[in-house]
2 protein chains.
Amino acid sequence: MKDQKIGFVGLGRMGGNMARCLHDRGYHVAAVFDLNPEVTSELAAEVGATACSNLAAVTAGSDIVLTIVTNDAAMEAIYFGEDNLLMGAAGRTFINCATLTPAIHGRIDSAAKDAGAVSLEACMASSIPQARNGSLFLMIGGDEAEFTRVKPLLDDLSEALHFVGPAGKASEVKALVNMIMNINTAALAEGLGIGHALGLDLDMLLRVLGQTGARSRVLETDGADMVARDHECYFSAEHAAKDSGIALKLAESAGIPAPLAQATFAQYTKLTAMGLGQLDKSGIAELTFKGRAI
Amino acid sequence: MKDQKIGFVGLGRMGGNMARCLHDRGYHVAAVFDLNPEVTSELAAEVGATACSNLAAVTAGSDIVLTIVTNDAAMEAIYFGEDNLLMGAAGRTFINCATLTPAIHGRIDSAAKDAGAVSLEACMASSIPQARNGSLFLMIGGDEAEFTRVKPLLDDLSEALHFVGPAGKASEVKALVNMIMNINTAALAEGLGIGHALGLDLDMLLRVLGQTGARSRVLETDGADMVARDHECYFSAEHAAKDSGIALKLAESAGIPAPLAQATFAQYTKLTAMGLGQLDKSGIAELTFKGRAI
């Protein structure tokens with residue numbers, strides 16, 4: 001893989017750090033692009049890549065292109081816009097790391113095939129430090145043979161790597177992961193908010209929760225933050241609303257009742273509508289503690 | 001503590017095994033009582049205690065009485081019935097281990113004081129094996145000095161012991177623990193049910209959930225059971241409905257919105273109304289998997 005030219009599209013905190021990580025590990029990061037030209041030229045200088053001023057130039061200068069953009073609209077733009085990644089894309093591999101609605105991955109998969117290229121979806125369930133040090137949690141959807149071919153590169157980016165099925169399936173898994181995480185977070189906010197209103201010692205309550213069937217990963221990451229109102233953002237409330245919404249659409253199309261996902265979506269949507277969408281997901285506790293938003 | 005005569009009221013799978021545990025550890029289990037006389041005489045023979053045919057006899061024959069009954073009505077009966085534990089109770093200590101609504105602990109606390117006795121609530125968040133081998137999770141409410149006095153005995157029954165405040169507070173904590181546990185369980189059932197309907201590999205999904213922010217204690221205890229429909233009962237759906245209901249009443253009286261607890265209560269109530277209340281709490285997945293109850 002280290003003989004391949006690697007391109008990057010989307011140089012935000014995730015994409016930029018993934019480029020730095022591959023550079024550190026001896027990959028040839030050859031071509032980079034961001035909507036912000038200043039960000040593009042700074043990262044290009046840092047990793048010795050060409051700063052591209054358009055998407056076709058990234059494709060021209062790369063064998064493998066990683067894309068890390070914010071949402072479906074941005075994905076539409078980079079694959080189907082006037083200047084796009086599929087121009088001259090024969091023989092290229094695209095690895096798409098944004099969290100998107102599952103359906104768009106299928107469309108990109110087909111369009112890439114038509115252009116003689118291959119597309120993989122790579123859903124990430126991790127944050128910035130993991131991007132920087134190559135310890136991402138990655139779920140891959142798409143062609144399994146192509147997954148196997150690029151696995152050495154994916155291994156260098158991740159500490160956990162799962163091939164989950166055809167294009168779109170990784171987004172489905174990610175939506176369900178985040179749906180459950182968001183519900184568990186909302187549950188914790190209710191429990192702590194009620195405990196607070198009852199005058200319980202919340203440090204004691206957190207310790208008890210950690211030793212019982214109520215234990216969860218979000219108790220470890222968000223419990224004390226909810227009490228302290230420390231909502232510095234790792235995964236935003238707005239993002240939580242988006243992902244729970246994706247999962248709800250999947251549930252609806254599959255005909256599965258999901259009242260808890262629905263209640264959680266409503267809470268995160270409410271928080272976002274109150275202008276608090278940029279808080280961390282722990283911010284949902286603003287809705288369940290007396291003297292805060294209620 | 002080992003010079004004290006210990007009484008037991010309620011010799012079901014929890015109470016009987018706690019009596020066996022204390023007997024094994026060298027305590028003098030002196031007087032036992034169960035509504036079922038056969039159960040009473042069998043356990044009395046096993047631990048060398050007097051088989052009591054009424055509650056006043058337990059009080060007469062004990063210094064410390066542990067009660068392990070099923071619900072508020074049973075507690076009413078043993079403390080306020082015609083034959084009850086408070087007759088001749090001066091100087092006795094009662095340790096009440098049933099999960100009850102928080103308010104009843106306050107009433108028993110007062111009535112015990114009036115009788116010259118002391119009452120502690122001891123909420124358990126554990127199951128039968130932990131009762132047998134003295135590794136219960138215990139949360140104690142009541143008088144702190146009395147807690148300190150009987151702590152050696154409580155330590156011998158438990159591997160985790162928390163004093164949480166005045167009478168009734170331990171039940172509040174327990175209700176919140178179970179409320180959060182039940183929500184996390186319902187969340188898992190939704191995620192797995194949707195994943196199943198989408199044709200995802202559920203073994204893969206369980207592995208992924210365990211490595212991400214969706215991880216929880218109930219994922220470990222109930223995830224595979226939900227997929228396999230193995231609902232052998234450790235903590236019944238009916239019990240889950242009861243505890244979520246207690247938590248909801250606390251939320252309501254405290255003025256805290258709890259939409260997830262509400263949705264979870266509705267699911268467990270529905271399951272119970274369908275005649276499936278004796279399934280384990282994992283049985284909630286019967287409501288979210290295609291081809292089961294939906």
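The values are calculated or read from the model by the stated rules, or taken from the named source; none is laboratory data. Just so you know, these numbers come straight off a predicted model, no measurement behind them. No Cβ is skipped: glycine too gets one built from the backbone with ideal geometry, and neighbour counts run over all protein chains shown.
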| note | Within the range A:155-173, residues being at the interface with chain B (Cβ under 9 Å from one of its Cβ atoms) and in contact (Cβ under 8 Å) with a residue 40 or more places away in the chain number 3
| query | So, of the residues in the range B:97-143 that are among the hydroxyl-bearing types (S, T, Y) and within 14 Å of another protein chain (Cβ to nearest Cβ), which turns out to be nearest to B:A160 (Cα to Cα)? | reply | B:S135
| task | Could you run through the range B:220-235 and say how many residues are crowded, with 20+ Cβ neighbours inside 10 Å and more than 20 Å from A:K169 (Cβ to Cβ)? | result | 4
| task | Residues being under 19 Å from B:A251 (Cα atoms), facing chain A (nearest Cβ under 7 Å) and touching an Asp or Glu at 6+ places or on another chain (Cβ under 7 Å): count how many of those fall in the range B:174-190. | result | 1
| task | Can you work out which of the residues in the range A:106-126 that are out of contact with any strand residue (DSSP E or B) (no Cβ under 7 Å at 6 or more places or on another chain) and crowded, with 16+ Cβ neighbours inside 10 Å is nearest to A:D143 (Cα to Cα)? | result | A:G106
| said: B:V118 - would you say it is in the same structural domain as B:V29 (by TED's automatic domain parsing) and in contact with a Cys (Cβ under 6 Å, 6 or more places away or on another chain)? | reply: no
| field | Matching residues in the range B:22-44 - criterion: being over 23 Å from B:M75 (Cα atoms) and either assigned to a loop (DSSP other than H, G, I, E, B) or within 23 Å of the chain's Cα centre (by Cα) (or both) | value | B:H23, B:D24, B:R25, B:G26, B:Y27
| field | Test: residue in the range B:269-280 that is away from every other protein chain (no Cβ under 11 Å), crowded, with 20+ Cβ neighbours inside 10 Å, modelled with pLDDT under 95 and part of a helix (DSSP H, G or I) | value | no
| query | When A:C233 is evaluated against the numbered criteria (1) assigned to a helix (DSSP H, G or I); (2) at negative phi, which criterion, by number, is the only one it fails? | reply | (1)
| task | Any residue in the range B:44-59 that's closer than 18 Å to B:A90 by Cα: show its pairings with residues that are assigned to a helix (DSSP H, G or I) at Cβ separation under 8 Å, as long as the two are six or more apart or on different chains. | result | B:L55/B:I78
| field | Residue that is modelled with the highest pLDDT, among those in the range B:76-105 that are over 23 Å from B:Q4 (Cβ atoms), surrounded by fewer than 23 Cβ atoms within 10 Å (Cβ to Cβ) and aliphatic (A, V, I, L, M) | value | B:A77
| query | For the range B:257-267, does any single residue satisfy the condition of being assigned to a loop (DSSP other than H, G, I, E, B) and in the same structural domain as B:H196 (by TED's automatic domain parsing)? | reply | yes
| query | Filtering the range B:215-230 down to residues that are over 18 Å from the mean Cα position of the chain (by Cα) and either assigned to a loop (DSSP other than H, G, I, E, B) or among the β-branched types (V, I, T) (or both), which residue is nearest to the other protein chains (Cβ to nearest Cβ)? | reply | B:R215
| request: Would you confirm whether any residue within the range A:191-210 is in contact with a helix residue (DSSP H, G or I) (Cβ under 7 Å, 6 or more places away or on another chain), among the basic types (K, R) and at the interface with chain B (Cβ under 8 Å from one of its Cβ atoms)? | output: no
| query | Is it the case that the range A:237-250 has a residue that's assigned by TED's automatic domain parsing to the domain that holds A:T269 and more than 15 Å from A:I183 (Cα to Cα)? | reply | yes
| said: For a quick check of your reading of the model, give me the residue pairs whose first member lies in the range A:189-202 and is among the hydrophobic types (A, V, I, L, M, F, W, C), whose second is surrounded by fewer than 19 Cβ atoms within 10 Å (Cβ to Cβ) and in a loop (DSSP other than H, G, I, E, B), with beta-carbon atoms closer than 6 Å and at least 6 apart or on different chains. | reply: A:A197/A:K290
| task | Filter the range B:139-185 down to residues that are of a type in the set (K, R) and crowded, with 24+ Cβ neighbours inside 10 Å and give me whichever is nearest to the chain's Cα centre (by Cα). | result | B:K174
| request: Would you please list the contacts, defined by Cβ atoms under 6 Å and residues six or more apart or on different chains, that run from a residue in the range B:241-262 that is more than 7 Å from chain A (Cβ to nearest Cβ) to a residue that is surrounded by fewer than 24 Cβ atoms within 10 Å (Cβ to Cβ)? | output: B:A241/B:T269; B:A241/B:T272; B:I246/B:T101
| remark: Within the range B:76-115, the count of residues that are in a helix (DSSP H, G or I) and touching a Gly at 6+ places or on another chain (Cβ under 7 Å) comes to 5
| Would you pick out the residues in the range A:192-227 that are touching a Leu at 6+ places or on another chain (Cβ under 9 Å) and within 15 Å of B:C123 (Cβ to Cβ)? | A:G195, A:L198, A:L200, A:L205, A:V208, A:L209, A:A214
